[in-house]
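The values are calculated or read from the model by the stated rules, or taken from the named source; none is laboratory data. Note that the structure is a prediction, hence the values are computed from the model and not measured. No Cβ is skipped: glycine too gets one built from the backbone with ideal geometry, and neighbour counts run over all protein chains shown. Quick note on the areas: whole protein, heavy atoms, side chains included, nothing else; ligands and nucleic acids left out. Shrake-Rupley method; radii C 1.70, N 1.55, O 1.52, S 1.80 Å.
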Amino acid sequence: MQLFIDTANVSEIKTAWSWGILDGVTTNPTHIAKSGRDFDQVLEEIFAIVDGPISVETVSTKAEDIVREGRAIAAFHRNAVVKVPVMPEGLKAVKQLASEGIKTNVTLCFSAVQAYLAAKAGATYISPFIHRKELAGDDGVLLVQQIRDIYDRYGYETKILAASIRTGKEVLESLLAGADVATMPFDIMESLYKHTMTDIGLKMFLDDWKSVPESKLFGTLAVR
Ligand code: E4P
């Protein structure tokens, strides 16, 4: 499963990219607004940091306008993926963009039949919104499982991009449900590294090491 970061915060993206486990980025209009920065400038910086798929969302509601924005996004960089909300005009645009070889990410998916329609339109990615679905009293991970079943059974190649992830558990459940990608905020990605037992174990090892005589192998590198 690939790991994407869900933000337009350049310093978070830089840090996550430096960890060596990041495959791509998803942005949305809220992220861009939150950054408080110039849209074009932010995009330039993100594309310069990450060499992987980067989703940029369209903001029109008519197919022809979505296509126009999608072409502009695609022309911006070879790694660009055009994010389009699931709706009739959106999927009409996705079909057109796909026919031009432009990659798309169909977003705001809350049902498996929406994911089916996105695949039929030729979407590269479908983004089921896990946590927002959970907040509505629904089962977000079940949605990923259902989409996996449908895509496997009927041979759709659209990738499942588990989105709106706000807990480590939702990352684990996305892995188990067969998502192709999971996108998450920086703090969730960072939390995946953490476990209290790791901290306790590490402290114990480092404390015990203090009583070991200095070695030629580690020299001055070892923490003392
Ligand atoms: C998907 O690509 C969206 O940007 C995103 O995951 C939205 O998540 P949220 O529910 O945390 O806002």
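Quick look at the values:
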quantity: Residue in segment 54-74 that is farthest from E100 (Cα to Cα), counting only those that are within 16 Å of the ligand (Cβ to nearest atom) and open to solvent by 10 Å² or more (accessible area, probe 1.4 Å); calculated: V59
quantity: Looking only at segment 140-157, and only at residues there that are among the charged types (D, E, K, R) and surrounded by fewer than 16 Cβ atoms within 10 Å (Cβ to Cβ), the one that is nearest to the ligand (Cβ to nearest atom); calculated: E157
quantity: Qualifying residue in segment 170-182 (condition: on the phi > 0 side of the Ramachandran plot, buried (at least 19 other Cβ atoms within 10 Å of the Cβ) and outside any helix (DSSP H, G or I)); calculated: no
quantity: Those residues of segment 1-53 which are in contact with a Gly (Cβ under 6 Å, 6 or more places away or on another chain) and either open to solvent by less than 20 Å² (accessible area, probe 1.4 Å) or away from the ligand (no atom under 15 Å from the Cβ) (or both), in sequence order; calculated: F4, G24, G52
quantity: Filter result for I160 (in contact with a Pro (Cβ under 8 Å, 6 or more places away or on another chain), part of a helix (DSSP H, G or I), within 16 Å of the ligand (Cβ to nearest atom) and within 24 Å of I102 (Cβ to Cβ)); calculated: no
quantity: Residue satisfying condition, being in contact with a His (Cβ under 7 Å, 6 or more places away or on another chain) and touching a residue at least 12 places away in the same chain (Cβ under 8 Å), within set T7, T15, T27, T107; calculated: T7
quantity: Residue in segment 77-99 that is touching a residue at least 24 places away in the same chain (Cβ under 8 Å), open to solvent by 30 Å² or more (accessible area, probe 1.4 Å) and within 15 Å of the chain's Cα centre (by Cα) present; calculated: no
